[in-house]
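This report concerns only the one structure given below.
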DNA sequence: TAAAAAATAACAATCGATTGTTTTTATTTT
DNA sequence: AAAATAAAAACAATCGATTGTTATTTTTTA
């Protein structure tokens, strides 16, 4: 039972003015006298008037809304990124329309469509694991809707991408374990279809090469980086006699490390671990987990700020290719 | 540089039909012949037509959008709840407009206004810590916008609320520690202005009473439940010679428990801990943390399903007062 | 004081889809 | 074949705010 809402026409009628005058009066346009403005605002207030953004959007062709599509919402990193975006956009008067692909390309495509139908002013996207065809983003270009990728970005698309230096982070984590004396270093990662994992692997390989250690494909485990996956991976860590493990996610790393200890290996003495993201869990697990600081909130803020600047016309994101947020290795007991 | 979009008028012109026929044809209305429908759909496809939801919303007075306001987005529990909501609503063709109050009543009020301006079909809210005046929700009632609270709900508002049984959970956690022999049990909690904490405290007190233990106000610590707060609280736990600690959040509990161990107390032998939420961290910390399973995803799903059912007219939420999601104590090593 | 200039406010089209009503066309029935 | 009915499509108003243009006051200037 939606009530009929008060409109500018109602106010106009009450005051014996034209609707256009109400519209201008409400936003302090100089062609409406101060006195009339005060009357309009007072009456609007009294009548419980609330501007209908839908009508305004239709007319102005701008919704003050930004669409966000992430692989999954129930992840600490993603929630940090979104929190950063929300802070920046809400301060600028923009709303956030959010959806999750749940790692499926079909859902992602549906979301893009739906958001374009909702006429979002811009789109911020982190790719689903199973997205390989990027055709569903073509519509953004066609409609002129700014598109920015973050974290999980496409390999070859002429579009602004916000990432950390994943290759470097993978290198640093691996290099650190090598420096600590590890020689049989395993690498546990999410699907290599996604840049974040593929590049971390590249960094891992580079570190091995730099230490003149031959890459062993058996040392690579690809899974979904959940707790359960970490526990499963622990058996391989033990059976492969690994003395170091680079995991591309703290949750999986923590679970794996705990299970490895349960299986009788001592961490860090026998097996050293590094994780990824600097999740809270990395600080509270025993031993504390060496990890890569991933500034999620900042990534969200940067992505949002660039999109807003582009919408204001201050920046042209089509002139930008890549923005790299600074990450860093945080060394804790799990690798010493 | 937004392109001009294809409209039903463009399609109408191309086919020599009326716009109304295009509109009906696109949604398979029976007054448009099968053959014409096929022609319309094919042409729409060819012209890259995308329905403008804004225009439709204006006309139909329904946006297929649900607003969500949470105290903060970067919390694992909240992200689980939102994930549950997103799953249910997206399957029903609804979008989610999300904002965070960052625990401030003013932001919350602003979000309500903004969402009403955006004409959301319904509103799902979890209260900010500092909200005591609920006047900003009055507008929802006035406009007839369905309003459902979850997790952090108002004490006295005639509105549907989705919660767990916080009193019972607080009782169970405390009772369990008592059963394990603890007698000096501290209670670490967020602001008692919010039902979730106030009721857990009530459960704590009831458990003490049931064991004929006098309530000691010095055993209550109120903080913001962060890691840092947990670490700070650890000193009090030690100095008060507590042998049991009920913490209303796993992150704070894990941090506190770790710090208490660092300070030389043995857990669970000397001090037993229980947390809240069944966060991943509760499983990975050492010793594993006894906690209350808080089904966040399910809470989000239930909230969303009820709102959708109400919008469809299948349920009248104004006839419902409270829906309690089942929670349960999960016993792990930290309390044995 | 009349004309020019400036300040206010009204007029009217527009954004794009929806939907009740009417008209036209096609199909049945007698 | 004419009348009655059904099917298909057109017409036109509507949702509520915005904005370019025009009209009316008011103020200033000559």
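Throughout, read-outs are computed from the coordinates displayed, never taken from laboratory work. Remember, predicted model here, so these are calculated numbers, not experimental data. Every residue, glycine among them, receives a Cβ derived from its backbone with ideal geometry; neighbour counts consider all protein chains shown.
Before moving on, here are some points about what is shown:
- Counts of other chain beta carbons within 10 angstrom of each beta carbon in peptide B:74-82 average 6.
- Average projected area [Cα convex hull, the stretch A:181-221], square nanometres: 2.8
- Average projected area [Cα convex hull, the stretch B:8-51], square nanometres: 2.5
- Whole-angstrom Cα spans of the stretch A:72-231 along principal axes, big to small: 54, 32, 32
- Cα gyration tensor, the stretch A:216-280 - rounded (a/c under 1.5), prolate or oblate: rounded
- Relative contact order of the stretch B:166-294, defined on C-alpha pairs under 8 angstrom at six or more residues apart (%): 25
- Listed residues A:187, A:137, A:273, most fluctuating in chain A (Gaussian network, C-alpha, under 10 Å): A:137
- DSSP-defined beta bridges in chain B - what % are antiparallel, rounded to 5: 10
- Within the protein assembly as shown, DSSP assigns beta bridges of which about 10% are antiparallel (rounded to the nearest 5).
- Inter-chain Cβ neighbour count for A:250-259, averaged per residue, equals 2 (cutoff 10 Å, partner chain atoms only).
- Cβ-Cβ distance of residue B:323 and residue B:143, R₀ of 22 Å, FRET efficiency by 1/(1 + (r/R0)^6): the value works out to about 0.40.
- Working value for the stretch A:121-163: equivalent-ellipsoid semi-axes of 16, 12, 9 Å, each the square root of 5 times a Cα gyration tensor eigenvalue, largest first.
- Cα-based radius of gyration of chain A once divided by 2.2 N^0.38 Å, which approximates compact folds: 1.28
- Residue B:215 label point (Cα plus 7 Å toward Cβ) to equivalent points in the other copies: 6.4 nm, shortest first.
- For the pair the stretch B:1-56 / the stretch A:1-59, the C-alpha centres are spaced 34 Å from each other.
- Relative contact order computed over the stretch A:100-144 (Cα-Cα under 8 Å; 6+ residues apart), in percent: 49
- The GNM of chain B, with springs linking C-alpha atoms under 10 angstrom apart, assigns the highest mean-square fluctuation among B:25, B:313, B:264 to B:25.
- Point-to-point label distance, residue A:91-residue B:226, nm (Cα→Cβ direction, 7 Å offset): 1.7
- Theoretical ellipticity at 222 nm over the protein assembly as shown - DSSP helices of four or more residues, -39500 (n - 2.57) apiece, nearest 500: -13500 deg cm²/dmol
- Radius, Kirkwood style, for the protein assembly as shown when every pair of distinct Cα atoms is counted (Å): 27.2
- Quarter of Cα convex hull surface for the stretch B:145-248, i.e. mean projection, nm²: 7.3
- 7 Å along Cα→Cβ, label-point gaps from residue A:33 to other copies, nm, shortest first: 6.3
- Computed from label points 7 Å out along Cα-Cβ, the spacing between residue A:210 and residue A:240 is 2.1 nm.
- Gap separating the Cα centres of the stretch B:91-158 and the stretch A:263-336, nearest whole Å: 33
- With a simple spin-label model that places each label point 7 Å from the Cα along the Cα-to-Cβ direction, the separation between residue A:155 and residue B:29 comes to 4.8 nm.
- Chain B: angle of helix B:227-239 to the longest principal axis, Cα-based, in degrees nearest 10: 20
- Nearest 10 degrees, 0 to 90: helix A:76-91 Cα axis against chain A principal axis: 30
- GNM flexibility winner over chain A from A:129, A:45, A:91 (Cα, springs under 10 Å): A:45
- Counted by neighbouring Cβ atoms within 10 Å, the residues B:168, A:78, B:157, A:85 run from fewest to most as B:157, B:168, A:78, A:85.
- Reciprocal of mean inverse Cα separation for the stretch B:1-160 (Kirkwood radius, Å): 18.2
- Across the identical copies, how the residue B:3 labels are spaced - nm, sorted shortest first, 7 Å along Cα→Cβ: 4.3
- Relative contact order %, chain B, counting alpha carbon pairs below 8 Å whose residues are six or more apart: 16
- Cα long-axis angle, helix B:166-179 against chain B (0 to 90 degrees, to the nearest 10): 30
- Sorted by Cβ neighbour density within 10 Å, fewest at the top, the residues A:209, A:248, B:226, B:274: A:209, B:226, A:248, B:274
- For the stretch A:119-196, the convex hull spanned by the alpha carbon atoms encloses 96 Å³ per residue.
- Gyration tensor (alpha-carbon) shape descriptor, the stretch B:202-336, a/c threshold 1.5: prolate
- Taken residue by residue and averaged, Cβ atoms of other chains lying within 10 Å of the Cβ of A:43-56 number 4.
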